There are 2 protein chains.
Amino acid sequence: MSSTAPKNTEATWWRSIKQFVRDREREMIAFRRDLHANPEPSGEEMRTTRRVADALQQAGLEPKIMEDDRGLIVDLELNPDSDTLFAVRADLDCVLVHDAKSVDWKSTRDGLCHACGHDAHASMAMYAAIAMHEHRDAIRELNPKKNLRFIFQPSEEISKGAQSMIAQHALDGVESIIALHVDPYLEAGHVGLRTGPLTANCLSFKITVNGQGGHSARPYQSIDPIPAAVNLVSMMYQLGPRSMDSRYPLALTVTAIHTGKAFNAIPDAAEIWGTLRTSRDEDQDNVKARLREVLRGIATSTGCDIHIDYPHSSPATNNDHQIVEMLWGAAEQVVGRDRVSLIEMPSLGGEDFAYYQQVVPGAMARLGTAFQDPNARFPLHAPEFDINESALVTGVRFLCRSSIHSIIE
Amino acid sequence: MSSTAPKNTEATWWRSIKQFVRDREREMIAFRRDLHANPEPSGEEMRTTRRVADALQQAGLEPKIMEDDRGLIVDLELNPDSDTLFAVRADLDCVLVHDAKSVDWKSTRDGLCHACGHDAHASMAMYAAIAMHEHRDAIRELNPKKNLRFIFQPSEEISKGAQSMIAQHALDGVESIIALHVDPYLEAGHVGLRTGPLTANCLSFKITVNGQGGHSARPYQSIDPIPAAVNLVSMMYQLGPRSMDSRYPLALTVTAIHTGKAFNAIPDAAEIWGTLRTSRDEDQDNVKARLREVLRGIATSTGCDIHIDYPHSSPATNNDHQIVEMLWGAAEQVVGRDRVSLIEMPSLGGEDFAYYQQVVPGAMARLGTAFQDPNARFPLHAPEFDINESALVTGVRFLCRSSIHSIIE
């Protein structure tokens, strides 16, 4: 792909930004570790919001905190005559997993962990805003055609935050939007890009199996929800992949089962949670239809009442070709030509970012955060997940470079 | 069976005891409802212990509270020359189930419920002690050969209380022991009896499935404990009954599964709880051996580490023939000949009472507490379980009559 880098001007503003970011590496790592040690789940990101807002304010920016003190936006006025914006989006919430690491910045909150890298996303977007604010005079000399907005959204993990930010006018005036997402298997210092879908159609489900509790010695006097639950999960795993075109990707994953409190009492009910991820709408429809029948069949077999809800859904992301090309050029400038790679297959992860892309063109890039030691690499959402912090400088520089490319092009 | 009732003396002392118990019915129901509304789980029966001790003390008795303020015993000295005792045992703890009733005496403590009737057992034993203490002079005139002890034990539901009471010398001097257990399907005012086993060999199990968590979109990067858990439960249900002589009873029941906390993260581990109940030791051995192989097989198939513990066990009860005969006679005197029935099959319930029977001969009787309306009958340990309180008077009278029969025979 072609590079649109403004090479002529690199000498002055780019070297200075690069150095500025490098000089703040320790501070940035400390900031990210503080967020990591104090994770907040979706809808409760008050401390994280406050920390980011305070740091921006201290740097001379004027962040605007969103309703309920969750999430914020901050604008950089680089061209007072323009009423359009280029946006960078980051997210603030953590995942509901136990932190199993033994590092100093391990989560201090039981059952909560920044195992999806949002601590890094927020830190990088924040330092990119600060770096560009510090260099606002130099950037203004490049004759930018737009201003910049940084969006720090809550509730990404439950697919609610983007919609809430949009409803609060976060996209008003925004012409295009980008975001970074850490990738624990892509080498640190590398960037991955693709046009079209980067993530999947995601649907979370919550199944309630209602039976009739009783004594564990007399199952015949109960309607035991546990055989219903285990057979339901088993059938989902067997029939999900058999209800759609096998050439397309599917991840149907049960992530939680909760039932019972005692060793000697059959419970009344069981709850089953999970997600259904496909790359195509029709595959999601087909698997959902099959699930309905599986539920009916298990209900008939066991006598339980079984109900399914879909509490969260997010569409597939859809990366805009032109923005990906711009990002590619910026990435080559930042990390070098051989460290930018094409992502062959979309991930089956879900990404709330897709909601912004339904309003304006946008693209999400993958930022490599892999550790050199393959044994230290753990998947997103794993209790041992962490990032190679050397990638933070790369990420901030990449966000700065991409933003500047976008507004001066 | 023959009756050994001392009919000659009934006119005086028995009519008086009967009336005494009837006069206290409202008070007794109120006492039982207070326990019901304030259930305490195994090992935490401090309030219940205190309530029973206070009531006994107020009646002029001298209860002795056991270590850690859980459980108590109280003696009635009826023959100062005798150093032997006949014992009545009751239990104090509740079950870890949610109370789903909508009565005034519904549990006030979330997740805890007297769904096994121990509130009734404790109330009946207590009022029997009080009634006989009030009639101590009349009973002494019957020339009793033994004294009486009432044992109120904690931790029946986890099969620890009896052993703890025995270790604290509760059986010292005791020659034989009886207990009542409510039966929600036997008509109120009826008594059920059997010689030999009344309850089963019980073993509780706790299985830990350790995998490796990760993102729900990338199960191939995880070692998912959930397919392991559901297939494990499924195989247990299929192979348990196929690993022992099918002519003997078996209840293999999974009562709890807990795994996962999020919609989008594969958890590290799953926990499975349940009980294994058989009428014979060899059946328990055979099913346990099969479980071991099932665990190994699922571990191999899934890559998870799987571990099983057996946190609680209790042997089968073994009702002494002579004591059952004595109880039969007493029951006929109290409820009438046609309301005493033989229990054909032992239950698969577990009963800590079995531990006393390993030290001294004993017998447990079933007291009918069924509601007239069949739709109001729920099994022991069910969230809707309750007792027909009209059975309380019957129970207290039966305990008095049996105790007196035993000490004067």
* Scan the range B:90-108 for residues that are more than 20 Å from the chain's Cα centre (by Cα) and within 13 Å of chain A (Cβ to nearest Cβ) and jot them down. => B:100, B:101
* Output the number of residues of the range B:171-227 satisfying the condition of being of a type in the set (Asp, Glu) and under 19 Å from residue B:87 (Cα atoms). => 2
* To do: Name every residue in the range B:223-250 that is within 10 Å of chain A (Cβ to nearest Cβ) and modelled with pLDDT under 95, in order of residue number.
  => B:249
* To do: Considering only the range A:246-260, state which residues are free of Cβ contacts under 8 Å to residues at least 40 places away in the same chain and either surrounded by fewer than 19 Cβ atoms within 10 Å (Cβ to Cβ) or small (Gly, Ala, Ser) (or both).
  => A:246, A:247, A:248, A:256, A:258, A:260
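Within the range A:278-291, is there a residue that is among the aliphatic types (A, V, I, L, M) and under 21 Å from residue B:226 (Cα atoms)?
Taking every residue of the range A:278-291 in turn, at least one turns out to be among the aliphatic types (A, V, I, L, M) and under 21 Å from residue B:226 (Cα atoms).
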* Asked: Listed residues B:220, B:237; which is without any contact (Cβ under 8 Å) to a residue 40 or more places away in the chain and farther than 21 Å from residue B:310 by Cβ?
  -> B:220
* Residue in the range A:390-409 that is surrounded by the fewest Cβ atoms within 10 Å (Cβ to Cβ), counting only those that are under 20 Å from residue A:362 (Cβ atoms) and among the small types (Gly, Ala, Ser) -> A:406
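One residue is enough: does the range B:136-150 have a residue meeting the conditions aromatic (Phe, Trp, Tyr), within 14 Å of residue B:77 (Cβ to Cβ) and not in a loop (DSSP other than H, G, I, E, B)?
Yes, the range B:136-150 contains at least one residue that is aromatic (Phe, Trp, Tyr), within 14 Å of residue B:77 (Cβ to Cβ) and not in a loop (DSSP other than H, G, I, E, B).
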* Could we say that residue A:91 is under 19 Å from residue A:143 (Cα atoms) and modelled with pLDDT of 95 or more here? -> no
* Filtered residue count, the range A:370-409, keeping only those that are more than 14 Å from chain B (Cβ to nearest Cβ) and not small (Gly, Ala, Ser) -> 20
* Asked: Has the range A:151-172 got any residue that is of a type in the set (Val, Ile, Thr), surrounded by fewer than 22 Cβ atoms within 10 Å (Cβ to Cβ) and part of a helix (DSSP H, G or I)?
  -> yes
* **Residues of the range B:211-222 satisfying the condition of being within 7 Å of another protein chain (Cβ to nearest Cβ) and in a helix (DSSP H, G or I)** => B:219, B:221
* Structure fact -> Counting only residues in the range A:279-312 that are of a type in the set (Lys, Arg) and not in a loop (DSSP other than H, G, I, E, B), the one nearest to residue A:222 (Cα to Cα) is identified as A:296
* Asked: So which of A:30, A:53, A:5 ends up being crowded, with 16+ Cβ neighbours inside 10 Å and at pLDDT 95 or above?
  -> A:53
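Within the range A:273-296, how many residues turn out to be within 13 Å of chain B (Cβ to nearest Cβ) and hydrophobic (A, V, I, L, M, F, W, C)?
At the first step, the residues of the range A:273-296 found to be within 13 Å of chain B (Cβ to nearest Cβ) are A:273-279.
Those left that are additionally hydrophobic (A, V, I, L, M, F, W, C): A:273, A:276.
Qualifying residue count for the region: 2.
When the range B:42-67 is examined, which residues are found to be part of a helix (DSSP H, G or I), aliphatic (A, V, I, L, M) and over 18 Å from residue B:147 (Cα atoms)?
Taking the range B:42-67 as the starting set, the residues that turn out to be part of a helix (DSSP H, G or I) are B:46-58, B:67.
Those left that are additionally aliphatic (A, V, I, L, M): B:46, B:52-53, B:55-56.
Once the filter is applied, which keeps residues that are part of a helix (DSSP H, G or I), aliphatic (A, V, I, L, M) and over 18 Å from residue B:147 (Cα atoms), the range B:42-67 yields B:46, B:52, B:53, B:55.
One line per residue, one yes/no per condition, for (1) more than 24 Å from residue A:384 (Cβ to Cβ); (2) assigned by TED's automatic domain parsing to the domain that holds residue B:98; (3) among the aliphatic types (A, V, I, L, M):
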site	(1), (2), (3)
B:246	yes, no, no
B:265	no, no, yes
B:271	no, no, no
B:280	yes, no, no
B:286	yes, no, no
B:302	no, no, no
B:309	yes, no, no
* Structure fact -> Residue hits (the range A:193-203; at the interface with chain B (Cβ under 9 Å from one of its Cβ atoms) and either part of a helix (DSSP H, G or I) or β-branched (Val, Ile, Thr) (or both)) are A:199
* Scanning for something out of contact with any strand residue (DSSP E or B) (no Cβ under 8 Å at 6 or more places or on another chain), over 27 Å from residue A:58 (Cα atoms) and either at pLDDT 95 or above or assigned by TED's automatic domain parsing to the domain that holds residue A:276 (or both), does the range A:175-195 turn up at least one residue? -> no
* To do: Just name the residue that is modelled with the lowest pLDDT out of those in the range B:309-325 that are crowded, with 22+ Cβ neighbours inside 10 Å and within 14 Å of chain A (Cβ to nearest Cβ).
  => B:314
* Asked: With respect to residue A:259, is the statement that it is closer than 19 Å to residue A:305 by Cβ, of a type outside the set (A, V, I, L, M, F, W, C), within 9 Å of chain B (Cβ to nearest Cβ) and in contact with an Asp or Glu (Cβ under 9 Å, 6 or more places away or on another chain) true?
  -> yes
* Give just the number: which of (1) more than 30 Å from residue A:250 (Cβ to Cβ); (2) assigned to a loop (DSSP other than H, G, I, E, B); (3) within 8 Å of chain A (Cβ to nearest Cβ) does residue B:206 not satisfy? => (2)
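Of the residues that make up the range B:68-85, is at least one away from chain A (no Cβ under 14 Å), in a helix (DSSP H, G or I) and surrounded by fewer than 24 Cβ atoms within 10 Å (Cβ to Cβ)?
Initial filter on the range B:68-85 (away from chain A (no Cβ under 14 Å)): B:68-85.
This time we only want the ones that are in a helix (DSSP H, G or I), so: B:68-69.
Applying the additional criterion that residues be surrounded by fewer than 24 Cβ atoms within 10 Å (Cβ to Cβ) yields B:68-69.
Scanning the range B:68-85 turns up at least one residue that is away from chain A (no Cβ under 14 Å), in a helix (DSSP H, G or I) and surrounded by fewer than 24 Cβ atoms within 10 Å (Cβ to Cβ).
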* When you look at residue B:237, is it over 34 Å from the mean Cα position of the chain (by Cα) and either closer than 25 Å to residue A:374 by Cβ or in a helix (DSSP H, G or I) (or both), yes or no? -> no
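Can you find even one residue in the range A:125-140 that is without any contact (Cβ under 8 Å) to a residue 40 or more places away in the chain and surrounded by fewer than 24 Cβ atoms within 10 Å (Cβ to Cβ)?
For the range A:125-140, residues without any contact (Cβ under 8 Å) to a residue 40 or more places away in the chain and surrounded by fewer than 24 Cβ atoms within 10 Å (Cβ to Cβ): present.
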* Being away from chain B (no Cβ under 14 Å) and either touching a Lys or Arg at 6+ places or on another chain (Cβ under 6 Å) or hydroxyl-bearing (Ser, Thr, Tyr) (or both) is the filter here, so list the residues in the range A:148-173 that pass it. => A:151, A:154, A:164
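The values are calculated or read from the model by the stated rules, or taken from the named source; none is laboratory data. Note that this is a predicted model, so its numbers are computed, not measured. Positions of Cβ are generated from backbone atoms using ideal geometry, with glycine treated the same way; all protein chains shown enter the neighbour counts.
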